[in-house]
Structures are given as C-alpha cells and as structure tokens.
Amino acid sequence: MNIAALLTLLAVIRSALPQTICNSQLLVVTSSPGVVTSDGYPGRYPAGTDCTCELRGASGIVVQISFNDFQVDSFPGSLSGAPGTCTHHYLEVYNGVDLSAANLLGSFCGTRLPPTLISSGAALTLRFVTSPYSLNNRYRGFSINYTALTDIQGQALDSGCWSMRRLTAPSGSIVSPGFPTAYPGNLACTWEIVASSDSTIMLQFLTFLVGGTAAMCENNVNDYVIVYTGTGQNKVSQGTYCGWELPQFTDLGNEVTIELVTNNVGGFRGFFVTYTIIGPTTTTEPPPTIITTVPPPVIITTNTPQPPATPAPVVDNAATRPGRKLHITAILLLVAILSPVAR
C-alpha cells in the first residue's frame, strides 16, 4: 500500500471515530453524521481546559447538533439546583464562528441533556471550559452528534430560536436563546412536543425569568410565554406567563405547544424547561369474560355454603345400630331388677 492510499485510509478511519473537542479545532460537517466528545470521554474530563471546536459545512447548509450524553460538573450551580448557574465547568454553543454574546445559543452544565440546536448558517462553534481550581472527580463530559442539513431543511425544522421545532423523543429540554444570559429581542419561537395518543406529557420549568420580575403579560404584550395543549390550529391556551414565578402544570395531554415572544428590547435570563413523555397507564376496566366449554372450578370459602357430604358406606354392625343398643340396655336393666328377687 502506497503512502497516499494509507493517508486516505487513515482519514476515513479518523472521520469514523469520535473526535475530542480539545484535539479538533475544526471539523468538516457533511450529511454523514459525526461525533465529537469531551477529552477522556467516557472517562473523566480533565481540569484546566479552554477548548474551541468549529463545526463547518459547505455553503447552503446548516449544522445540527444533538446530545447523546451530557454530564458536566454544575458547581456552584449544584447548590441551587437551577440550570445555568455554573461558572467552573460549562459548554457554550455559538451560532457561527464569532464568540460574541449576541451569538450565544446556550451555556450548559449539569446532567440534563441540552436541546437539539440548529445554526442559521454553515457553522456552529463549541467552547468547553473547565476550571483548574475545581477538579473533576466523577463527571464524564459529553458526546455530541453533528450533521449537515440543507438550508431548506433547517428552516423547516427550526423553532425560530435556532433549535428543533418538533420534539418526539421520550424526554428532552427547551431553552430560550442565549440561556442563561439575556435572550435577544424580536423573538417569535414555537416548539411542539408530540407523543402517541395513549401517552401524556409532563412539563417542568426549572428556571424562569421572562420580561422582568414585575412583568405584566395578561394581554400578551411585551415578553411572554404561552403554553398550549394540542398543536396547529387545534391548540388551546393553558395560560400566558411572564415574570419570575415558575409555571406549573398537571395534565397536558399528548400534544403540547410552547411559544416565546419578545419585544424589541429583550434582555432577561429566559427559561429552561424539561419535558417527559409518560407512556400508557394500566387500564382500570375489568378484563374480558372468557367463555369455555369447561365450567370453572368451585372455590370454597367461609361464606360459601358447603355441599352435602357424601354418606359413608353403611357397615352392618349390630353393636352400633341404635335399635340394638336400646334393646341390650333394657335387658341389662331387667336383669339388675330381678336379681334380688331370685335370691
């Protein structure tokens, strides 16, 4: 095998294997899915890193990433339990190659899978930061799938906020753009969660700040979130939400739509919401009656009348017959009376 052929083979093998974020400053994105992981994955990632990886495709395509696994130390956010409060270890995703705050799609840590994200152009950038002063004792990092979509495909799948519009996985998350930093103005985003007809969807908002702490949104003005049951023209509003209080829900059925609308200012933290699809529950209807040609067995309980016992075979024993017993007793009594007279 000549050197050129060997290099080609090595390139093919390398493209088929997962790349690590600190060893891959640039990855070419095609329609064939690729995988990029944190260094050391699935073992523990190292401390003291600040690595950037650009995912670039050809002109006319967009880049989509989805998370297979995610486990990044959330300290000090672990003290509050709210996503987006970590500052020691985190993964940032940027729309394009400019690492400015305006292009930040999200900064993530913890153990909840971030949402599927879609670029508006031919590139996404990943930046993974770990503190040298906060050692990683047990977290394995992340594994990310990346692939290229045509621009038309990307527009059809996009929620309007650089993330997947239609969600059908058993569980997942939705975040406002730029989370946990301020979301931009002039947003109109729509996400649809769809499950089978015998399932139900549970929503849990883990953090929420839309329109400011004293926001008013009764008339769908300024910044607000609307949660609907159903999708499309059949959806029914369950409420409009803004401010800082976490929206609460119980039963939302098997289809849910979430909309985020912001005015031309923006500037608040936004939200992080997770969803879980609950499968069909056990039916409470009685089981169907099964008719067979064999009658069911008789079950004897303390409340069931007992059937008459089968009489035992009659034994012709003279000593045990009631009439004979009475006759013998009379004879013995007569003998006892007459004995003194005979003397």
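The values are calculated or read from the model by the stated rules, or taken from the named source; none is laboratory data. Just so we're clear, the structure is a prediction, and the values are computed from it rather than from any experiment. Positions of Cβ are backbone-derived with ideal geometry, glycine not excepted, and every protein chain shown enters the neighbour counts. All accessible areas refer to the heavy atoms of the entire protein, side chains included, with ligands and DNA or RNA removed. Shrake-Rupley method; radii C 1.70, N 1.55, O 1.52, S 1.80 Å.
Does at least one position in the range 160-168 carry a residue that is within 26 Å of the chain's Cα centre (by Cα), aromatic (Phe, Trp, Tyr), farther than 24 Å from Ile277 by Cα and assigned to a loop (DSSP other than H, G, I, E, B)? No: zero hits. Is it the case that Leu187 is in contact with a Lys or Arg (Cβ under 6 Å, 6 or more places away or on another chain) and more than 19 Å from Ala169 (Cβ to Cβ)? When the stated conditions are applied, Leu187 does not pass them. Screening Gln204 on (1) closer than 27 Å to Val265 by Cβ; (2) in a strand (DSSP E or B) shows it passes everything except condition (1).
Flag: Asn264 does not match the condition of being at positive phi and not small (Gly, Ala, Ser). The set of residues in the range 161-171 that are farther than 16 Å from Thr231 by Cα and open to solvent by 20 Å² or more (accessible area, probe 1.4 Å) comprises Trp162, Ala169, Pro170, Ser171.
Test each condition in (1) modelled with pLDDT of 95 or more; (2) open to solvent by 50 Å² or more (accessible area, probe 1.4 Å); (3) not in a loop (DSSP other than H, G, I, E, B) for Phe67 and report the one that comes out false. All conditions pass for Phe67, except number (2). Being free of Cβ contacts under 8 Å to residues at least 40 places away in the same chain, under 20 Å from Pro115 (Cβ atoms) and of a type in the set (Gly, Ala, Ser) is a description that applies to Ala156.
Just one residue in the set Thr229, Thr213 is under 23 Å from Thr85 (Cα atoms) and either touching a His at 6+ places or on another chain (Cβ under 6 Å) or hydroxyl-bearing (Ser, Thr, Tyr) (or both); that residue is Thr213. Taking first residues from the range 57-72 that are at positive phi and partners that are surrounded by 18 or more Cβ atoms within 10 Å (Cβ to Cβ), the Cβ contacts under 8 Å between residues at least 6 apart in sequence or on separate chains come to Gly60/Ala122. Being in contact with a Leu (Cβ under 9 Å, 6 or more places away or on another chain) and crowded, with 19+ Cβ neighbours inside 10 Å holds for only one residue in Val35, Val62, Val28, and it is Val62. Among the residues of the range 42-59, those identified as among the hydroxyl-bearing types (Ser, Thr, Tyr) and either open to solvent by 70 Å² or more (accessible area, probe 1.4 Å) or under 19 Å from Leu105 (Cα atoms) (or both) are Thr52, Ser59. Applying the condition of being among the β-branched types (Val, Ile, Thr) and part of a loop (DSSP other than H, G, I, E, B) to the range 104-147 and asking which residue is modelled with the highest pLDDT yields Thr116. The one condition from (1) open to solvent by less than 80 Å² (accessible area, probe 1.4 Å); (2) at pLDDT below 95; (3) under 19 Å from Arg140 (Cα atoms) that Leu17 does not meet is (1). Scanning the range 247-267 for residues that are of a type outside the set (Val, Ile, Thr) and either open to solvent by less than 70 Å² (accessible area, probe 1.4 Å) or at pLDDT 95 or above (or both) yields Pro247, Phe249, Leu252, Gly253, Asn254, Glu255, Glu259, Leu260, Asn263, Gly266, Gly267. Looking only at the range 123-171, residues that are among the small types (Gly, Ala, Ser) and at positive phi come to 2 in all.
Within the range 85-97, residues that are farther than 19 Å from Asp39 by Cα and of a type in the set (Ser, Thr, Tyr) sit with their Cβ atoms under 7 Å from residues that are assigned to a strand (DSSP E or B) and open to solvent by less than 20 Å² (accessible area, probe 1.4 Å), at 6+ positions apart or across chains, in these pairs: Tyr94/Leu104; Tyr94/Leu105; Tyr94/Leu124; Tyr94/Thr125.
When restricted to residues that are without any contact (Cβ under 8 Å) to a residue 40 or more places away in the chain and closer than 16 Å to Cys161 by Cβ, the range 217-267 contains 3. Only strands (runs of 3 or more DSSP E) whose full extent lies in the range 15-58 are considered here, and the ones with at least 3 residues that are touching a Phe, Trp or Tyr at 6+ places or on another chain (Cβ under 9 Å) are 34-37, 49-56.
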